[in-house]
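Report on the structure given below.
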Amino acid sequence: MEAQLIQEQLLEYKPKTSFAFICKGRVVSIKLDEIAHVSKYGNETVIYMAPAHLNPPEGRTEHSIKSYRTGHSLQEILNDLPVNDFFRVHKSHIISLKHMAGVKKKRIRVGEYYLPVSKYYKAQLCIHLQQILNKNFIFYTFLK
């Protein structure tokens with residue numbers, strides 16, 4: 001009976017698709033697919049939106065809604081984001097793996113931004129990406 005109840009609850013589980021936070025005294029909810037990266041500057045955390053998801057309302061420019069500033073810590077935000085979609089690459093930066101365009105030496109490209117990546121987090125990112133590849137793809141070795 002208990003096992004059946006647990007199985008039913010697992011079948012009803014829906015992954016998180018949005019993220020809510022406080023910005024300028026208001027609760028803002030955005031879709032996770034819209035987040036390109038998150039950066040910490042002093043006491044503020046800035047959530048940057050992916051350019052493809054920017055549709056400014058009448059009278060507003062893209063730059064006025066391209067990012068959201070909040071007082072939440074980077075760790076608080078990271079705890080609310082899905083582990084498989086977001087990754088911390090530096091003590092001040094979290095990236096969306098969906099919007100990652102490439103890694104070059106000590107920089108990682110996310111959209112139009114180049115963010116620093118520390119040695120430790122770069123090694124962890126490589127391990128994480130390899131795990132994702134191993135889950136999603138079957139590698140075949142062909143003998144000559």
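The values are calculated or read from the model by the stated rules, or taken from the named source; none is laboratory data. What you are looking at is a predicted structure, and each value in this text was computed from that prediction instead of being measured. For neighbour counting, all protein chains shown are included, and Cβ atoms are generated from backbone atoms with ideal geometry for every residue, glycine included.
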Practice task
Could you please find all residues in region 83-100 being in contact (Cβ under 8 Å) with a residue 40 or more places away in the chain and either assigned to a strand (DSSP E or B) or small (Gly, Ala, Ser) (or both)?
Solution key: PHE86, PHE87, SER92, HIS93, ILE94, ILE95, SER96
Fill in the blank from the handout: Among the residues of region 101-128, the number that are aliphatic (A, V, I, L, M), under 17 Å from LEU74 (Cβ atoms) and not in a helix (DSSP H, G or I) is 4
Exercise for the section: Only one of these is out of contact with any helix residue (DSSP H, G or I) (no Cβ under 6 Å at 6 or more places or on another chain) and modelled with pLDDT of 90 or more: HIS93, HIS63, HIS128. Name it. Expected result: HIS93
Fill in the blank from the handout: Those residues of region 78-123 that are of a type in the set (A, V, I, L, M, F, W, C) and more than 9 Å from the chain's Cα centre (by Cα) come to a total of 9
Problem - Selection count, region 89-98, where residues are surrounded by fewer than 21 Cβ atoms within 10 Å (Cβ to Cβ) and either touching a Gly at 6+ places or on another chain (Cβ under 6 Å) or within 18 Å of LYS40 (Cβ to Cβ) (or both) - result: 3
Exercise for the section: Would you check if SER67 is closer than 18 Å to ILE30 by Cβ, free of Cβ contacts under 8 Å to residues at least 24 places away in the same chain and small (Gly, Ala, Ser)? Expected result: yes
